[in-house]
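Q: Here it is: the structure, laid out below.
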Amino acid sequence: MKVLGKSIVVLGLSVLMTGCTPFNNVKMDELAETLNQENMGNEEVTLETENGTFTVFLSEGWREIDPAALNEEADISLENGRKTMYAVILSESSEDYEDFNTFKNAVDFHDWLDVTDESEQVINQNGWNGTRYFITAKTEGINLYYVYDIVESSAGHFAQKIAWTTRSKKNANGELLEEILDSIKDVSN
């Protein structure tokens, strides 16, 4: 069972731009490499994982990173470092659980998050059915805002689709977090 747990480490909460002057070629080269790696356009990408094939629409600033960078159990990890936003997808075969409720109970985020505010809504889109949670919480002393989907796909997966930012950026980034999660499709055969 893949559980997000405390293994999330919010990497790069801010990028320090100090020292990026024409006289510091190393810092300028690092900055140029980072900018080249970031997605500058809008594109749908197909991502092959051990558990299946997924597509995601990467809007400006989003990019795929090493899945284990944010969670060692993640199938997919995404980041938008400029806006301090991150997302992971943890998927499992529905064959491994008696039913969807068993899966939901196994991945209860209340076991690892210190939740201060929470609401939920039913979602049914892009082949996913389940519940979307809007959570304000503390993790290891950091105040964060999560959009957390616990869903099942029509392609035979149960998944946790999770996006987050710092609590101070909730108003600015909340809809963008929903957009990245909404764009994810399970296209496994």
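All of the numbers you see were taken from the coordinates with simple rules; none came from a lab. Keep in mind that what you see is a predicted model, and the values were worked out from it rather than measured. Every residue, glycine among them, receives a Cβ derived from its backbone with ideal geometry; neighbour counts consider all protein chains shown.
Q: What translational diffusion coefficient, to the nearest whole µm²/s, does segment 79-189 have by Stokes-Einstein, given a Kirkwood radius computed over alpha-carbon pairs, a temperature of 37 °C and 0.692 mPa s viscosity?
A: Details: Rh = 14.4 Å.
The calculation lands on 228 µm²/s.
Q: Treating only the Cα positions of segment 75-141 as identical point scatterers, give the base-10 log of I(q)/I(0) from the Debye formula at each q in 0.14, 0.20, 0.23, 0.25 Å⁻¹.
A: For the requested q values the scattering log ratios are -0.59, -1.19, -1.40, -1.42.
Q: A 19 angstrom limit on the alpha carbon distance is what I want to check against. Which of K104/K161; K138/K185; K104/K169; K83/K169; K83/K104; K104/K138 exceed it?
A: Working: K104/K161 13 Å; K138/K185 29 Å; K104/K169 28 Å; K83/K169 8 Å; K83/K104 30 Å; K104/K138 21 Å.
Over 19 Å apart, Cα to Cα: K138/K185; K104/K169; K83/K104; K104/K138.
Q: Could you rank the peptides 88-94, 42-48, 106-112, 174-180 by their average count of other C-beta atoms within 10 Å per residue, with the highest value first?
A: Details: 88-94: 21.3, 42-48: 12.1, 106-112: 14.6, 174-180: 17.1.
For the peptides 88-94, 42-48, 106-112, 174-180, the packing ranking is 88-94, 174-180, 106-112, 42-48.
Q: Return the distance in nm (one decimal) between the two label points of a simple spin-label model at N171 and N42, each offset 7 Å from Cα along Cα→Cβ.
A: 2.6 nm
Q: Same structure, new question: Using a Förster radius of 22 Å, what is the FRET efficiency between T131 and E98 based on their Cβ-Cβ separation? Nearest 0.05, please. If you can, show how the numbers build up before the last one.
A: Values: r = 18 Å, r/R0 = 0.83.
With R0 = 22 Å, the Cβ-Cβ based efficiency is 0.75.
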